[in-house]
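The values are calculated or read from the model by the stated rules, or taken from the named source; none is laboratory data. None of the values given here were measured: they were computed from a predicted structure. Cβ placement follows ideal geometry from the backbone for every residue including glycine, while neighbour counts extend to all protein chains displayed. Note: accessible area is taken over every heavy atom of the protein model, side chains too, but ligands, DNA and RNA are not part of it. Shrake-Rupley method; radii C 1.70, N 1.55, O 1.52, S 1.80 Å.
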Amino acid sequence: MSVRVRFAPSPTGFLHVGNARTAIVTWLFARQHGGHFLLRIDDTDTERSKLEYEMAIEDGLTWMGLHWDEKTNQKLRNDRYDVVIEKLKKDGRLYPCYETPEELNLKRKTQLSRGVPPIYDRSALKLTEEQKKKFEAEGRQPHWRFKLEMKPIEWNDLIRGPVSFKAEDLSDPVLIREDGRPLYHICSVIDDIDYDITHVVRGEDHVTNTAWHIQMFEAISGKVPTFAHLPLISDVEGGKLSKRLGALSVKAIKEEEKLEPMAIVSLMARLGTSDPIEPFSSLDPLVASFDFAKFSRGTPKFDPDEMIRLNAKILHDTPFSEVNIRLANMGMPDIDDSFWMAVRANLERLDDIRAWWHVVDGQVTNALTDPDFTAKAADLLPPAPWNEKTFDEWVGAVKSHTGRKGKELFMPIRQALTGMDHGPELPVLLPLLGPEKVRQRLLKAA
Ligand code: GLU
């Protein structure tokens, strides 16, 4: 049996780190099995779904290297949903209900106050044809519920192990709204059947939905896929991912945080698994090491700083050939291999290279705060060629000739060379600047 999976985001917001994790895990599993990865846009909610979000989702997936084999939109499949819905109505698995939201709320409150679990009491099943006609004459439109069969619902979850529900503990789910529009549950199950999905991978917030879905799969096709429910991610303190962190969208990670795609992928592929979290520069080793059995049931903590540390490590190993075009596009076409190799170990984000580039290639504005001292330092410059040891050699000489040390020694030099109080490491910077620029900046304010 070949593996067929889907990633099914709702385009009602940007792809956030939690969704991104589901996408990454699903994709790795598919690729490991030479399977098929479907991107399914769950856009049945036409008011909240936006093309802008759909495009951002596609852009985010592409940026992370998660290419899909096929794409579908739920909003294009209404005719197909109608056919299945008619059949379920005929089979008596969908039944019309006329309660208003207020009436349902009252029922729930009464049940709760009596210490009874708030499960729908199925009173709509007892309505006579006459009563239904009366409701409709009053202008009430029915919503439709799926009639669960009263039997145990069990599955072997790839992450949670054996899971079981009693249908008696569940309400019959509403599948069709008063306005006739089908809801997520029915659309999702029909799609999973039509696209031959073999494994449904999603967050554990869907566990109860899965109990419902299994009976729907049985009623529609008689075939049930395998499920894997990922524990939801928490923040560093173990709390629910806050709005602020949840707002950490893939788009923001790319455009505002300016991180490398493999930083989020490296973290999310391994978070909550028994494998170590390490920086990876390609998806291949992650595909090779992927295994649902390595996922723990505990809630993994998402630490944005960990993603930034991974980002730095990834950059420190990146060859020039992988960044040269990006650097040119960022407006720094003259950065070459030796410049890159000299500074990359100092970068946390690729964008940090701007400071280095500016200092080396740009015109720095420096005020010579201590001209006699920097002139003396210029006299002591060692002869070329320079390397990363030159700085220590030189500063050692300046120190013994002037008797200065610490900040008094370094700060005037830094200010003269860079025009800044802090910034690029001077030992790396010195050979990049070269003797001519260094001498010039030590002697003259620009
Ligand atoms: N659109 C649903 C969500 O984003 C899909 C859940 C599923 O994978 O079935 O939660």
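Thr44: touching a helix residue (DSSP H, G or I) at 6+ places or on another chain (Cβ under 9 Å), farther than 29 Å from Asn311 by Cβ and hydroxyl-bearing (Ser, Thr, Tyr), yes or no?
Numbers: touching a helix residue (DSSP H, G or I) at 6+ places or on another chain (Cβ under 9 Å): yes; farther than 29 Å from Asn311 by Cβ: yes; hydroxyl-bearing (Ser, Thr, Tyr): yes.
When the stated conditions are applied, Thr44 passes them.
Looking at the stretch 138-157, which of its residues are outside any loop (DSSP other than H, G, I, E, B) and within 19 Å of Leu125 (Cα to Cα)? Answer for the stretch 138-157, where residues must be outside any loop (DSSP other than H, G, I, E, B) and within 19 Å of Leu125 (Cα to Cα): His143, Trp144, Arg145, Phe146. Among helices (runs of 4 or more DSSP H) lying entirely in the stretch 336-446, which contain 3 or more residues that are under 35 Å from the mean Cα position of the chain (by Cα)? Fully inside the stretch 336-446 and qualifying: 337-343, 353-361. With respect to the conditions (1) surrounded by fewer than 12 Cβ atoms within 10 Å (Cβ to Cβ); (2) under 17 Å from Glu168 (Cα atoms), Pro118 lacks only one, and its number is (1).
The residues on offer are Lys132, Lys126, and the sole one that is modelled with pLDDT of 95 or more, of a type in the set (D, E, K, R) and open to solvent by 50 Å² or more (accessible area, probe 1.4 Å) is Lys126.
Taken as a whole, the stretch 171-178 holds at least one residue that is under 16 Å from Ile153 (Cα atoms), more than 30 Å from the chain's Cα centre (by Cα) and of a type in the set (Ser, Thr, Tyr). You will find that of Leu327, Leu310, Leu286, Leu347, the residue that is in contact with a His (Cβ under 8 Å, 6 or more places away or on another chain), open to solvent by less than 30 Å² (accessible area, probe 1.4 Å) and among the aliphatic types (A, V, I, L, M) is Leu347 and no other.
Within the stretch 1-24, residues that are without any contact (Cβ under 8 Å) to a residue 24 or more places away in the chain have Cβ atoms under 7 Å from residues that are open to solvent by 20 Å² or more (accessible area, probe 1.4 Å) and more than 10 Å from the ligand (Cβ to nearest atom) in no pair, counting only partners at least 6 apart in sequence or on another chain.
Of all the numbered requirements in (1) exposed (fewer than 14 other Cβ atoms within 10 Å of the Cβ); (2) free of Cβ contacts under 8 Å to residues at least 60 places away in the same chain, Arg297 misses one, and that requirement is (2). Name the residue that is farthest from the ligand (Cβ to nearest atom), counting only residues in the stretch 4-45 that are closer than 22 Å to Asp194 by Cα, open to solvent by 10 Å² or more (accessible area, probe 1.4 Å) and among the β-branched types (Val, Ile, Thr). Per the criteria, the residue is Thr44. Of all residues in the stretch 390-401, those that are over 15 Å from Val438 (Cα atoms) have Cβ atoms under 7 Å from Cβ atoms of residues that are of a type in the set (A, V, I, L, M, F, W, C), 6 or more apart or on another chain, in Ala397/Leu380; Lys399/Leu409; His401/Leu380.
Of all the criteria given as (1) under 21 Å from Lys301 (Cβ atoms); (2) away from the ligand (no atom under 16 Å from the Cβ), the one not satisfied by Val250 is (2). With respect to (1) touching an Asp or Glu at 6+ places or on another chain (Cβ under 7 Å); (2) under 14 Å from Leu432 (Cα atoms); (3) of a type in the set (Val, Ile, Thr), the lone exception for Val343 is condition (1).
Of all the listed residues (Ala312, Ala263, Ala269), the sole one being at pLDDT 95 or above and either closer than 28 Å to Asn156 by Cβ or assigned to a strand (DSSP E or B) (or both) is Ala269. Of note, Val438 does not satisfy the criterion of being within 19 Å of Leu327 (Cβ to Cβ) and touching a helix residue (DSSP H, G or I) at 6+ places or on another chain (Cβ under 8 Å).
I'm trying to understand the selection: among the residues of the stretch 159-185, which are within 12 Å of the ligand (Cβ to nearest atom) and either surrounded by 18 or more Cβ atoms within 10 Å (Cβ to Cβ) or part of a helix (DSSP H, G or I) (or both)?
Of the residues in the stretch 159-185, the ones within 12 Å of the ligand (Cβ to nearest atom) are 183-185.
Across the stretch 159-185, the qualifying residues are Tyr184, His185.
The set of residues from the stretch 186-221 being of a type in the set (A, V, I, L, M, F, W, C), open to solvent by less than 30 Å² (accessible area, probe 1.4 Å) and either more than 27 Å from the chain's Cα centre (by Cα) or at pLDDT below 95 (or both) comprises Ile214, Met216, Phe217, Ala219. Any idea which of (1) outside any helix (DSSP H, G or I); (2) surrounded by fewer than 19 Cβ atoms within 10 Å (Cβ to Cβ); (3) within 11 Å of the ligand (Cβ to nearest atom) is the one Phe227 doesn't satisfy? Condition (2) is where Phe227 drops out.
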